[in-house]
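Have a look at the structure below before the remarks.
The values are calculated or read from the model by the stated rules, or taken from the named source; none is laboratory data. These numbers were taken from a predicted model, which means no experiment stands behind them. Note: ideal-geometry Cβ built from the backbone for every residue, glycine included; neighbour counts use all protein chains shown.
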Amino acid sequence: MKNTIYKYCLAAFVFVSLSCNAQKKYTVKSPGKNNELVFSLTKSGQPQYSFSTNGKSVIEPSLMGFEFQELSKMTEGFKVVTTEEHSVNQTWEQPWGEFKKVKDNHNELIVHLKEEKGDQRLVDVIFRVFDDGVGFRYHFPKQPKLGKVKIANEVTQFTFADDNDVWWIPVHRENSYYESFYRKTTMSKTDTINTPATFEMKNKLYVAIHEADLTDFASMTLLKTKGNQYKSELVPWANGVKVYAETPFNTPWRTIMVGIKPGDLVTSTLTLNLNEPSKIKDTSWIEPSKYIGIWWGMHLEKFSWGQGPKHGATTKITKEYIDFAAKNGLDGVLVEGWNVGWDGDWTADGSAFSFLKPYPDFDIEEITKYAASKNVRLIGHHETAGATKNYESQMEEAFKMYNKYGVNCVKTGYVNKYLDKKEWHDSQYGVRHYRKVIETAAKHHIMIDNHEPVKGTGLQRTYPNLMAQEGGRGQEYDAWSDDGGNTPEHTTIMPFTRMLAGPMDFTPGTFDFSYKTPQGAKVQTTLAKQLALYVIMFSPLQMASDLPENYEGKPEFEFIKQVPCIWSETKVPDAKIGDYVVMARKDWKGNDWYMGAITNKDSRKLNLTLDFLEPGKTYMAEIYADGAGADYKSNPYPVSINSKKVDCKTVLEINLAAGGGTAVKFKQIAN
């Protein structure tokens with residue numbers, strides 16, 4: 001749905017000649033005048049750009065261009081043919097999200113370039129400048145001397161004035177799925193890093209570099225080069241080619257988010273605004289979900305994915321989970337291990353997976369009928385072990401089968417270092433496969449929760465059936481990771497790094513901390529922090545991830561039952577990356593607000609003015625806080641539950657235990 005407030009377009013030439021020898025500069029500012037983008041050509045005709053915020057440098061002059069296999073490069077010798085300026089001010093509405101209404105207000109500069117000699121090839125550089133950052137992309141028009149191309153290198157640079165601190169994870173060195181701890185170092189101590197990469201600038205700005213609308217292209221990583229500079233490093237095919245393309249084509253948007261506070265990055269809508277509007281006209285079948293699953297039991301080795309005496313995906317066990325979901329107002333049950341192919345070492349070869357044939361002890365027809373009678377739905381599961389060709393050969397029929405049984409959401413998985421034993425998940429090969437899955441699923445009215453994905457780049461705007469992805473260290477690491485599980489600071493970093501890429505299926509909700517695993521891993525939070533994570537870690541598909549019996553009789557479970565999955569507004573009242581986060585969100589449908597506050601390994605006291613609440617209204621705050629003696633190491637269980645009347649002027653004292661949290665529901669009441 002789109003509600004256009006104001007939109008106009010204007011073609012113009014924009015340049016300033018600084019001196020006889022200087023190159024012309026083309027400048028465009030954001031609507032609020034705080035951000036400025038400058039484009040120019042060097043003396044050798046190399047395109048370059050710079051970007052600043054309120055006069056502070058964000059990106060110093062940085063070169064642009066592409067190199068090809070078997071063709072001359074397009075990096076210099078250009079002239080500006082024409083420029084265009086366009087301005088947009090409109091509001092559009094999402095079917096789900098962290099914001100119901102998204103304002104798209106930007107100024108656009110399009111620079112049409114042409115080689116002065118040789119083949120005189122053409123390329124356009126398109127800049128869109130928002131108050132929260134800038135996005136730019138290359139457009140290669142259809143032209144006689146440039147048809148099919150093999151991209152060998154993208155030259156795009158990101159040059160900083162200083163050796164800033166950066167929060168980053170490595171590329172492929174530790175795993176293929178972005179499942180690493182974010183670390184903070186100076187830029188000079190990095191090599192090749194994934195995006196989003198978040199910079200704490202010496203000039204006190206917060207900046208994140210990422211990309212938007214990753215379509216039929218390789219994912220961009222950042223290669224540290226000379227000085228304070230990164231360049232785009234595209235993830236290659238196994239044969240070394242970065243991208244196969246044919247004119248006309250666009251690159252993804254290269255994005256630079258900027259703010260004066262960490263929370264400004266969280267509330268930026270830059271990535272969404274740079275994606276195409278929804279291709280799904282009727283989105284009524286796309287629904288958020290709060291679910292449980294036959295999943296954590298496998299990680300704790302109570303159940304097995306494969307056949308045998310501990311097989312979890314049985315008709316009997318699934319019905320028990322459905323009963324629990326129905327009793328507690330949860331609307332979905334995820335079942336893993338239901339289909340043929342899990343026996344033996346399934347991670348080594350996914351070609352044995354059948355997505356049409358259930359194991360004998362899993363009666364999908366009986367189960368889905370039973371679920372429907374309880375107003376609960378089965379959430380499907382397709383683990384591929386990276387065997388994408390095997391999956392694609394069955395995918396159409398598998399989605400048809402699920403549709404027949406009323407299954408409208410599927411979790412997909414790609415547990416393998418490579419796709420089809422040779423291609424990276426985030427290569428053009430992977431990007432093409434994941435898009436095919438999303439488009440095919442949409443055809444059959446099926447939502448996707450994609451694990452081991454290519455990173456999110458805002459595609460959920462175009463295909464809102466892409467509900468959530470993994471693409472980060474989720475809570476499953478607390479069951480089997482050799483490093484002991486996720487650290488207390490992990491979730492105080494993720495909102496400003498991984499979560500900038502979009503919703504994450506993090507799977508919070510652990511209530512039992514006494515489990516034992518061979519690796520000795522454990523959840524390193526308090527129980528109250530587990531509740532707060534439902535507000536902090538956004539996903540329209542939220543899992544109550546623990547075993548059902550661990551929720552029985554627990555008053556804290558009430559918060560999980562009540563907390564929404566989607567939000568009409570999101571605010572970050574206070575945060576310090578790696579230390580603590582306070583986030584407030586408004587219910588999608590009503591007037592209630594929810595707040596989550598979490599800390600790292602250190603206990604802390606925060607005083608928060610509740611100025612996000614509606615002025616003139618009174619709220620009953622239902623507070624779930626760390627109780628007396630709570631500590632993530634020694635005593636994670638104590639939770640204090642109390643209520644008090646508050647309004648927008650109230651200063652709420654928040655006491656966070658070590659590794660702790662606070663979760664609050666603000667229910668609007670009559671004055």
Problem - Near pairs, Cβ below 7 angstrom, 6+ apart or cross-chain, from the stretch 283-304 (modelled with pLDDT of 95 or more) to any residue that is among the basic types (Lys, Arg) and part of a loop (DSSP other than H, G, I, E, B) - result: PHE303/LYS310; SER304/LYS310
Handout entry: Matching entry among PHE181, PHE140 (being under 26 Å from GLU67 (Cα atoms) and assigned by TED's automatic domain parsing to the domain that holds PRO236)
Key = PHE140
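Output the number of residues of the stretch 136-150 satisfying the condition of being of a type in the set (Lys, Arg) and not in a strand (DSSP E or B). Let's see the steps before the verdict.
Taking the stretch 136-150 and keeping what is of a type in the set (Lys, Arg), we get 137, 142, 145, 148, 150.
If we keep only those that are not in a strand (DSSP E or B) too, we end up with 142, 145.
Residues meeting the conditions: 2.
Taking the stretch 96-126 on its own, how many of its residues are assigned to a strand (DSSP E or B), under 28 Å from LYS281 (Cα atoms) and in contact (Cβ under 8 Å) with a residue 60 or more places away in the chain? Write out each step before concluding.
In the first step, residues of the stretch 96-126 are kept if they are assigned to a strand (DSSP E or B); the result is 101-115, 122-126.
Filter once more, so that each one left must be under 28 Å from LYS281 (Cα atoms): 101-108, 126.
Subsequent filtering for residues that are in contact (Cβ under 8 Å) with a residue 60 or more places away in the chain retains 101-108.
Total meeting the criteria: 8.
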Fill in the blank from the handout: Residue pairs within 7 Å by beta carbon, gap of at least six or interchain, first lying in the stretch 221-233 and of a type in the set (S, T, N, Q), second surrounded by fewer than 18 Cβ atoms within 10 Å (Cβ to Cβ), listed first then second, are THR221/THR192; ASN228/ALA161; ASN228/ASP162; ASN228/ASP163
Fill in the blank from the handout: Scanning the stretch 151-177 for residues that are within 21 Å of the chain's Cα centre (by Cα) and in a loop (DSSP other than H, G, I, E, B), the one surrounded by the fewest Cβ atoms within 10 Å (Cβ to Cβ) turns out to be ARG173
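Within the stretch 212-257, track down each residue that is of a type in the set (D, E, K, R) and closer than 18 Å to HIS433 by Cβ.
Residues of the stretch 212-257 of a type in the set (D, E, K, R): 213, 216, 224, 226, 231, 233, 242, 246, 254.
Once the filter is applied, which keeps residues that are of a type in the set (D, E, K, R) and closer than 18 Å to HIS433 by Cβ, the stretch 212-257 yields ASP213, ASP216, LYS242.
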Exercise for the section: Please indicate, with yes or no, whether at least one residue in the stretch 274-292 is closer than 30 Å to GLN48 by Cβ and either in contact with a helix residue (DSSP H, G or I) (Cβ under 6 Å, 6 or more places away or on another chain) or of a type outside the set (D, E, K, R) (or both). Expected result: yes
Exercise for the section: Could you figure out which of (1) closer than 20 Å to ALA670 by Cβ; (2) in contact with a strand residue (DSSP E or B) (Cβ under 7 Å, 6 or more places away or on another chain) isn't true of LYS589? Expected result: (2)
Practice task
Would you check if there is a residue in the stretch 436-445 being assigned by TED's automatic domain parsing to the domain that holds ILE294 and assigned to a strand (DSSP E or B)?
Solution key: no
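Looking at ALA313, ALA348, which one is small (Gly, Ala, Ser), over 28 Å from GLU558 (Cα atoms) and either within 24 Å of the chain's Cα centre (by Cα) or assigned to a loop (DSSP other than H, G, I, E, B) (or both)? Please lay out each step first, then the result.
Numbers: ALA313 fails: over 28 Å from GLU558 (Cα atoms).
Result: ALA348 is the single residue among ALA313, ALA348 that is small (Gly, Ala, Ser), over 28 Å from GLU558 (Cα atoms) and either within 24 Å of the chain's Cα centre (by Cα) or assigned to a loop (DSSP other than H, G, I, E, B) (or both).
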Exercise for the section: Taking the options LEU527, LEU533, LEU547, name whichever one is closer than 30 Å to THR255 by Cα, at pLDDT 95 or above and either of a type in the set (A, V, I, L, M) or surrounded by fewer than 22 Cβ atoms within 10 Å (Cβ to Cβ) (or both). Expected result: LEU533
Practice task
Say whether the condition of being closer than 26 Å to ASP420 by Cα, assigned by TED's automatic domain parsing to the domain that holds ALA501 and in a loop (DSSP other than H, G, I, E, B) is met by at least one residue in the stretch 280-301.
Solution key: yes
Completion exercise
Every listed condition ((1) buried (at least 22 other Cβ atoms within 10 Å of the Cβ); (2) within 19 Å of ASN273 (Cα to Cα); (3) under 18 Å from the mean Cα position of the chain (by Cα); (4) not aliphatic (A, V, I, L, M)) holds for THR215 save (1)
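Residue by residue, here is whether (1) at pLDDT 95 or above; (2) over 30 Å from the mean Cα position of the chain (by Cα); (3) surrounded by fewer than 22 Cβ atoms within 10 Å (Cβ to Cβ) holds:
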| position | (1), (2), (3) |
| --- | --- |
| PRO573 | yes, no, yes |
| LEU613 | yes, no, no |
| PRO636 | yes, no, no |
| VAL651 | yes, yes, yes |
| ASN671 | no, yes, yes |
Problem - Residue check, ASP426 assigned by TED's automatic domain parsing to the domain that holds HIS382, acidic (Asp, Glu) and without any contact (Cβ under 8 Å) to a residue 60 or more places away in the chain - result: no
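From SER17, SER44, grab the single residue that is at pLDDT 95 or above and surrounded by fewer than 18 Cβ atoms within 10 Å (Cβ to Cβ).
Numbers: SER17 fails: at pLDDT 95 or above.
Checking each option against the conditions leaves just SER44.
Answer with yes or no whether ALA658 is of a type outside the set (Lys, Arg), assigned to a strand (DSSP E or B) and at pLDDT 95 or above. So that I can check it myself, show each step before the final result.
Details: of a type outside the set (Lys, Arg): yes; assigned to a strand (DSSP E or B): no; at pLDDT 95 or above: yes.
So ALA658 fails the test.
Surrounded by fewer than 18 Cβ atoms within 10 Å (Cβ to Cβ), of a type in the set (Val, Ile, Thr) and in contact (Cβ under 8 Å) with a residue 24 or more places away in the chain, is that true of THR440? Reasoning before the result, please.
Values: surrounded by fewer than 18 Cβ atoms within 10 Å (Cβ to Cβ): yes; of a type in the set (Val, Ile, Thr): yes; in contact (Cβ under 8 Å) with a residue 24 or more places away in the chain: yes.
Against the criterion (surrounded by fewer than 18 Cβ atoms within 10 Å (Cβ to Cβ), of a type in the set (Val, Ile, Thr) and in contact (Cβ under 8 Å) with a residue 24 or more places away in the chain), THR440 qualifies.
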Completion exercise
Only one of LYS148, LYS184 is over 19 Å from the mean Cα position of the chain (by Cα), of a type in the set (Lys, Arg) and more than 24 Å from GLU489 (Cβ to Cβ), namely LYS148
